[in-house]
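Only the coordinates and a few stated rules stand behind these numbers; no lab work does. Here the structure is a predicted model, which means the values were calculated and not measured. Here Cβ is always computed from backbone atoms with ideal geometry, including for glycine, and neighbour counts include all displayed protein chains.
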Amino acid sequence: MGHVRRRRGRTGGVSVSPRTNEYGQPIGEALADWSPRPLPNADRIAGRTCTLERLDPARHAESLVAAHAEAPDGRDWTYLPVGPFASAADRRAWLETAAASEDPRHYAVLDATGEAVGALALMRHDPANGAIEVGHVTFSPRMQRTVASTEAQFLLMRYVFDELGYRRYEWKCDTLNAPSMKAAARLGFTYEGTFRQAVVYKGRSRDTAWFSITDSEWPDRRAEFERWLDPANFDGDGVQRTRLAHGM
């Protein structure tokens, strides 16, 4: 037992039956060569339009505070577990706390001038199962809807899949957070379902939408990111010629 059986479908194609154990029960794909993956440890991940650096308040706090201060109100923090902050000092204090954390592991996003204009993090590290989540995405007005906002996400995905060898990359958000739901789909994540009443934050209940990209999907996702990020995809004003499309 334990083999994969092939059978011919009604249309003449071949379908693959699940593996079975000695009791005839279906079991998952064998991972004979699997071993736990490394924890994320990169301090710098360079791209064309942006660079990710391990969050360091001494180097990044001043520019992050200034970049976020350009927002007209606090709506960018509504669906995050922290913020908006009452003062620049409060924001810096939180950055100090975030920088000291290993999980989540926070990264500042630097634009082409070297200024920190946003941040994101790798969190819920699960090296034994090869799963990890991107979260704490806080892009300032300077970064929102720019090529760098997409490339920052791509750089972190590429690091997780190609360098660390993880099997699963997750995105989770409040189901009421329409921009985050839309961003997950645009970036190639697959919606997996909703965990009802999963979280209590800021004195309210959250239903959490789960999304993921798996290692089997990554090669196609990576190719599409690389196509979209190619400078040839943008005109002289920096406007995209074609949209990012993952065939979903």
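Here's the yes/no breakdown for (1) more than 30 Å from S63 (Cα to Cα); (2) buried (at least 20 other Cβ atoms within 10 Å of the Cβ); (3) of a type in the set (D, E):
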site	(1), (2), (3)
F139	no, yes, no
T146	no, no, no
Y169	no, yes, no
T190	yes, no, no
V199	yes, no, no
W210	yes, no, no
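Looking only at segment 150-172, count how many residues are farther than 18 Å from N41 by Cβ, part of a helix (DSSP H, G or I) and not β-branched (V, I, T).
The initial filter retains those residues of segment 150-172 that are farther than 18 Å from N41 by Cβ, namely 150-154, 167-168, 170-172.
When the remaining residues are screened for being part of a helix (DSSP H, G or I), the result is 150-154.
Then drop every residue that is not not β-branched (V, I, T), which leaves 151-154.
The qualifying residues number 4.
Looking at segment 202-209, can you tell me whether even one residue there is of a type in the set (D, E) and over 16 Å from V137 (Cβ atoms)?
At the first step, the residues of segment 202-209 found to be of a type in the set (D, E) are 207.
Checking which are over 16 Å from V137 (Cβ atoms) leaves us with 207.
The answer is yes, given that some residue of segment 202-209 is of a type in the set (D, E) and over 16 Å from V137 (Cβ atoms).
Return the residues of segment 171-188 that are of a type outside the set (A, V, I, L, M) and either loosely packed, with under 13 Cβ neighbours inside 10 Å or touching a Phe, Trp or Tyr at 6+ places or on another chain (Cβ under 7 Å) (or both); say none if nothing qualifies.
Our first condition is that a residue be of a type outside the set (A, V, I, L, M); within segment 171-188, this holds for 171-175, 177, 179-180, 182, 186, 188.
Matches in segment 171-188: W171, K172, C173, D174, N177, P179, S180, K182.
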